[in-house]
Each structure stands twice: as C-alpha cells, then as structure tokens.
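The structure under discussion appears below in the form of structure tokens.
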Amino acid sequence: MTDKPLTDADVLSIARLARLGLPDGELRAAAEKLAGILAHFRALQAVDTTGVEPLTHAVLPSAAPAADTVAPFAQPRERLLSLTEHAREGFLVVPRVLDADFGPAQTGAEPGG
C-alpha cells in the first residue's frame, strides 16, 4: 500500500464496487474515513510476524466439540411451519421474486401443436 492520497475517482470507484450510492456532498467525508481504514492496514503491515504461526481461530477452544449425531425429529414439517405466521396449505409463503409473465397455463395441449 502506498501513502498516496485517495482521489475522488478512487472513492467513487470503491463506492460503486460496494454498491453504495455516494452523494457528492459525502465524497470528502468518505475519503477521510477510507484513508483512516487504510492507515490501520498500513500499521498492521508494519508488524513483524516472522516466526508467528498462523491461527485458524482467534482463541483456543475451551472444550472438545460436541459429538455430531443424528437425532430423530418428529413431524419436522408441522413443527417448523407452526413457528411462522407465513405458512399456508403446508408450505411457506415467500415474496414473489420473478416479475415475468410466462403466459397462460397450458392445459393438456402438446407444446408446439
């Protein structure tokens, strides 16, 4: 990383990649915050980690993990559906995700004929 100051184009590019709508009035404040974050990364890069083993977890586990066993779950569908208000006729009701109209339903007619 370099100590080069962030340009407005840099900040706008980062905002676009993060899918953030960044108004022009907030450009300077965002640049200052990003510069602070980058300064923290520069400080981390300056730390000498020679001889330090990488960790898989930040803290060592205090006990052995619980056994991974399969247990019966009586009437899973009914029990899970009873936990929500968004169930109808044995199914979960979810918001529509497709706005496409696929045309009228075919009733027994052969496709293309």
Problem set entry | Cβ-Cβ under 9 Å pairs, at least 6 apart or on other chains, the range 33-54 side under 17 Å from D3 (Cβ atoms), far side part of a helix (DSSP H, G or I) and not small (G, A, S) | L34/D10; L34/V11; L34/I14
For this session: Write out, first by first residue and then by second, each pair whose Cβ atoms fall under 7 Å of each other, whose residues are 6+ apart or on separate chains, and whose first residue, in the range 74-86, is closer than 22 Å to R96 by Cα and modelled with pLDDT of 90 or more while the second is surrounded by 10 or more Cβ atoms within 10 Å (Cβ to Cβ) and of a type in the set (V, I, T).
Result: H86/V93
Exercise. Before we move on, is T107 of a type in the set (S, T, N, Q), over 26 Å from the mean Cα position of the chain (by Cα) and at pLDDT below 90?
Worked result: yes
Problem set entry | Identity of the residue in the range 87-104, at pLDDT below 90 and β-branched (V, I, T), that ends up surrounded by the most Cβ atoms within 10 Å (Cβ to Cβ) | V94
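The values are calculated or read from the model by the stated rules, or taken from the named source; none is laboratory data. Predicted model, so just to flag it, every value in this text is computed and none were measured. Cβ atoms come from the backbone with ideal geometry, glycine included; neighbour counts cover every protein chain shown.
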